[in-house]
Structure formats: C-alpha cells, structure tokens
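Since every read-out is calculated from the coordinates, none of them should be taken as a lab result. All of these numbers come straight from a predicted model, not from anything done at the bench. Cβ sites come from the backbone with ideal geometry, for glycine too, and all protein chains shown count toward neighbours.
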Amino acid sequence: MDENQVFPKVDVHYNGTFVPNPLVYFALEVLQLNEDANEFVFFDFIKYVEKLIDFRCKHVYFYIPEARLSERLQTLQNKCDYSEFLEVANAYRHVDVYIDHDNEPIFEWIQKEQPNNE
C-alpha cells in the first residue's frame, strides 16, 4: 500500500471458493481497490466491485482483521452492514472482502466449527 494513501486498503478476494473445517477461501484472486470505500454508498460499492471483477456480487462478506476467518466473517448485504464495514476499514486501515460465487452454507460451517461450550 502506498504510504501516502489516506483511505483504508480494501482487498477483494474473488474467483475462489469457501471450504469448511477450518473455514478458508481457496483458489482466489485478489484485487486491491484504488478508491476510497468511504466515498461510496452500499449499492454503489457493490456495483463498483461487480464491474471490476466482472461478476454479480450476490453473496459478499467482509473480514474483521486479527482473528480466524470463522470468528470474524460478517455479511455485506445492506447499508447497515456497509456502515459496519466502513467502521472496521477505518479502524484497522485494512479490510478484506470475499465474494462467495457458490452460495455456500458458510454460517452453518462456522457454527459447526465453534466449540460446544461457547
């Protein structure tokens, strides 16, 4: 990342697939956005990403850094989610976005990964 860049780094992971136990995203391509996510509203951000990766983004997630993917993966489906996404991006100065091309049962997998005592 350019040290003069004032906006948070957003990496979009796409053309991959989620697999369970532990939850990971394989066979991915990563594209770093060169735009400030703060300048978009939710709908425009999704349209921008769709144009960049040439794929309709129906199932989108973001990852809160500093934890396992299964512990901090969040949906990015509406303006409330986007507000949380921006809070994370601005706080950590970096956030990862994942595109689920296969509509996998990600949160079922996450629930199965959690120890029974939580």
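Result for the chain in a Gaussian network model with C-alpha springs under 10 Å: among 108, 84, 71, the largest mean-square fluctuation is at 108. For residue 76, the residues 5 or more places off, or on other chains, whose built amide H falls under 5 Å of its own are 60, 61, 62.
If you wrap a convex hull around the C-alpha atoms of the chain and split its volume per residue, what is the figure in Å³? It would help to have the intermediate numbers written out before the result.
On the way: hull volume 12.7 nm³, N = 118.
Normalising the Cα hull of the chain by residue number yields 108 Å³.
Backbone N atoms of the range 48-63 closer than 20 Å to the 7 Å Cα→Cβ label point of residue 111 belong to residues 59-62. Each of residue 41 and residue 91 was given a label point 7 Å from its Cα along the Cα-to-Cβ line. The distance between the two points is 2.5 nm. Note on residue 47: lysines with a C-alpha under 30 Å away, same-chain residues under 8 apart excluded, are 9, 58, 79.
So, with +1 on the Cβ of K and R and -1 on the Cβ of D and E, and no other charges, what is the size of the charge dipole of the chain about its Cα centre, to the nearest 20 debye? Show your work: numbers first, answer last.
Values: 10 positive and 22 negative charges, 38 e Å.
In debye, rounded to 20, the chain gives about 180.
For the range 61-76, putting each phi into the Karplus relation 6.51 cos²θ - 1.76 cosθ + 1.60 with θ = phi - 60° gives couplings of 9, 10, 10, 7, x, 6, 7, 5, 3, 5, 8, 9, 7, 10, 6, 10 Hz, in residue order, rounded to whole numbers and with x for Gly and Pro.
Against the chain, whose longest principal axis comes from its Cα atoms, helix 79-92 is set at around 80 degrees.
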